[in-house]
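The values are calculated or read from the model by the stated rules, or taken from the named source; none is laboratory data. Source: prediction; values computed, not measured. Because the Cβ atoms are built from the backbone with ideal geometry, glycine has one as well, and the counts that use them run over all protein chains shown. Side chains are part of the model used for accessible areas, which takes the heavy atoms of the whole protein and leaves out ligands, DNA and RNA. Shrake-Rupley method; radii C 1.70, N 1.55, O 1.52, S 1.80 Å.
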Amino acid sequence: MPYIYFDAEQYEKYQVLTANDIQALKNGATLLSVGIGPGDYEEYLIKSLGVPPSSIHCADLALHQKWSSHIHHSFDICDPWPPLKHLYDYILFGQVIGISAHARGYTNSIAMDNHVCNVINEAAPWLQSGGQIVVFDTTIQTMADPWHIPQDQLWNKVANSIKGKITRNRKEWFVVNITV
């Protein structure tokens, strides 16, 4: 499965979080970053863009040591999510949904579609009203068989399932924002 590692500058280049999102985080909005890996993007937000560490919470199956003292949750996004302490303004999935599907052996587009919907449906209850789910993932599209529905239809299906709307879809960059 082709996996493309994106460093913090690429997240900015592809405008995963916009300038308005960054400002909201500086003003007290909160972000749950799911599947942070080594936490390069989160570190970039804090050190380079001035986002307060208290605005970023992390969720990963195996948190990197540097994030173990940070506000965090450890769970598998494929399972039902545990109760979280509060609601978030943003939930960011960076390069994690496709990887988790492949790790579970989902090898066809129908299984992947269901996986994407299930993961987003688990996340949606943890959003503030007006909050956004932000997906940046090049790995969702790496299935062996052709997709049975086009990507824009998949994201509309996902948004409808959580009573949200697509507020940005840059499919050429694999960035989707769903506002609830």
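The residues of segment 81-118 that are surrounded by 18 or more Cβ atoms within 10 Å (Cβ to Cβ) and in contact with a Cys (Cβ under 7 Å, 6 or more places away or on another chain) amount to a single one, Ser100. Within segment 16-33, restricting attention to residues that are outside any loop (DSSP other than H, G, I, E, B), modelled with pLDDT under 95 and of a type in the set (S, T, N, Q), the residue that is least open to solvent (accessible area, probe 1.4 Å) is Ser33. A search for C-beta distances below 7 Å between a residue of segment 92-113 that is within 26 Å of Leu127 (Cα to Cα) and any residue that is of a type in the set (Phe, Trp, Tyr) and open to solvent by 50 Å² or more (accessible area, probe 1.4 Å), counting only pairs 6+ apart in sequence or on different chains, returns Ile99/Tyr3; Met112/Tyr106.
Within segment 44-76, the residues that satisfy the criterion of being in a helix (DSSP H, G or I) and at pLDDT 85 or above are Tyr44, Leu45, Ile46, Lys47, Pro53, Ser54, Ser55.
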